Amino acid sequence: MKSPLLTLPGAVPAEGPDEGVAAHYGDLFREQRTLADGAGLVDLSHRGVVTVSGEERLSWLHLLLTQHMSELPPGRAAEALILSAHGHIEHALYLVDDGETVWAHVEPGTQEALIGYLESMKFFYRVEVADRTDDFAVVHLPAGSIAEAPEGVVVRETAHGRDLFLPRADLEGYAAGHGPLAGIWAYEALRVEQHRPRLGFETDHRTIPHELGWIGTAVHLQKGCYRGQETVARVQNLGKPPRRLVFLHLDGSEVQLPGHGTPVRLASEGEDGRQLGFITTSARHHELGPIALALVKRNVPVDAELVAGETAAAQEVVVRP
C-alpha cells in the first residue's frame with residue numbers, strides 16, 4: 001500500500017519489505033537526530049493492522065501467543081510471537097488492548113497469513129478477527145515526543161516511543177501538523193542501535209526466540225501451553241540456542257554497507273574462511289557510523305574480530321553464548 005506521504009518534497013521511496021513508505025526525505029542523519037531528540041514522526045503505514053475483538057479475546061490469544069495475554073490491562077503494550085510446532089518464529093505481533101479490542105501491527109504483507117492462522121484456531125471462542133490495514137495507518141512517535149494523539153486514536157506506548165493506529169484518511173493531516181518527517185532508514189538505524197530484532201530481517205525459517213533475545217520481551221516463560229512451547233522450554237532449561245544475535249561496528253572506510261545475508265567470517269581466516277553467520281540488518285548511524293546486526297554461531301568467541309563480506313566488523317554481545 002503506497003503512502004500518500006511519498007508525494008511530499010524530498011521523499012525517496014523505500015524498497016523491499018518497506019516498499020510503500022519513504023526511505024528518507026533528503027537528509028538521513030538529520031532525520032535520525034530528530035528522532036533521537038524526541039521529535040518528528042515516522043510513517044509506518046505500510047505495516048499490517050489486525051484486530052481481535054470479543055469478550056474472550058484475551059484468554060483466546062493467551063492460548064496462541066508466546067506472551068501472557070489473559071490479564072493484559074487496557075493500554076499496556078505487549079510484544080508476542082507465533083511459533084511453529086518446532087518452535088520456529090512465524091509471526092511477530094506488536095499489541096495493545098483498548099478495553100474492547102486488541103490491536104496489533106505486523107510486518108508488511110504478513111497479515112493475511114496471520115489472520116488465516118487465527119481464523120483456523122477460533123473453534124467455539126467468541127472472538128472476531130479483522131484485517132484493518134485498509135482503514136488504519138501506523139504512525140510512530142519517538143520516545144520523548146510531546147506530540148498529542150488525536151482523541152479516540154489507539155496508542156501503543158513503549159520505552160522506544162508511541163505507535164498510533166491512526167485512521168488512514170487522517171494520515172496526511174496529522175503528519176502535516178506533527179512533523180518533521182523521518183524515513184524508515186532513520187527508524188531502522190535506531191532499531192539496530194537498540195539491538196531490537198525484526199521478523200524477516202533477523203529471522204529465517206529456523207530462528208527460535210532465544211537466538212534473538214526475545215525471551216522475556218516477547219516470550220513469557222511462566223504461562224500455559226502454546227504451539228512451540230516445548231522447544232522454548234527445552235532450550236531454556238536444558239541447552240543453548242545454536243546461534244546468537246550480535247551487534248557489529250563496521251569499518252567506516254567502506255563505501256557499501258554489507259547487505260542482508262552477507263556472510264560473516266573470522267577476520268583471521270579472511271574471505272575464504274568458513275561462514276559463521278550472516279548480516280541481518282545494516283545501517284548508517286548518525287553517531288556510531290556504519291553498524292549492523294548479525295546472526296552467528298553460538299560458539300563464535302565474543303572477542304573475535306569478524307569480517308562481513310569484505311568489511312571488518314567488531315562485535316558487541318547481544319545474546320550471551
Taking the range 300-321 and keeping residues open to solvent by 10 Å² or more (accessible area, probe 1.4 Å), assigned to a loop (DSSP other than H, G, I, E, B) and closer than 12 Å to Val246 by Cα leaves Pro301, Val302, Asp303, Ala304, Val318, Val319, Arg320, Pro321
Count - residues of the range 55-71 that are farther than 16 Å from Ser120 by Cβ and either touching a Pro at 6+ places or on another chain (Cβ under 8 Å) or outside any loop (DSSP other than H, G, I, E, B) (or both): 5
Starting from residues that are open to solvent by less than 40 Å² (accessible area, probe 1.4 Å) and assigned to a strand (DSSP E or B), keep the ones in the range 237-262 and report whichever is farthest from Tyr187 (Cα to Cα). Arg243
Can you confirm whether the range 74-93 contains a residue that is in contact with a Leu (Cβ under 8 Å, 6 or more places away or on another chain), more than 20 Å from Arg162 (Cα to Cα), assigned to a strand (DSSP E or B) and free of Cβ contacts under 8 Å to residues at least 60 places away in the same chain? yes
Would you say Val318 is modelled with pLDDT under 95, of a type in the set (A, V, I, L, M) and closer than 27 Å to Ala23 by Cβ? no
Could you please find all residues in the range 206-225 being open to solvent by less than 10 Å² (accessible area, probe 1.4 Å) and within 15 Å of Glu79 (Cα to Cα)? Pro209, Leu212, Trp214, Ala218, Val219
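Looking at Glu79, Glu157, Glu107, which one is open to solvent by less than 20 Å² (accessible area, probe 1.4 Å) and among the acidic types (Asp, Glu)?
Unique residue meeting the criteria: Glu107.
The values are calculated or read from the model by the stated rules, or taken from the named source; none is laboratory data. Worth saying up front: this structure is predicted, and the values here are computed from it rather than measured. So basically every Cβ, Gly included, is an ideal-geometry build from the backbone, and we count neighbours across all protein chains shown. The area values use the complete protein model at the heavy-atom level, side chains included, leaving out ligands, DNA and RNA. Shrake-Rupley method; radii C 1.70, N 1.55, O 1.52, S 1.80 Å.
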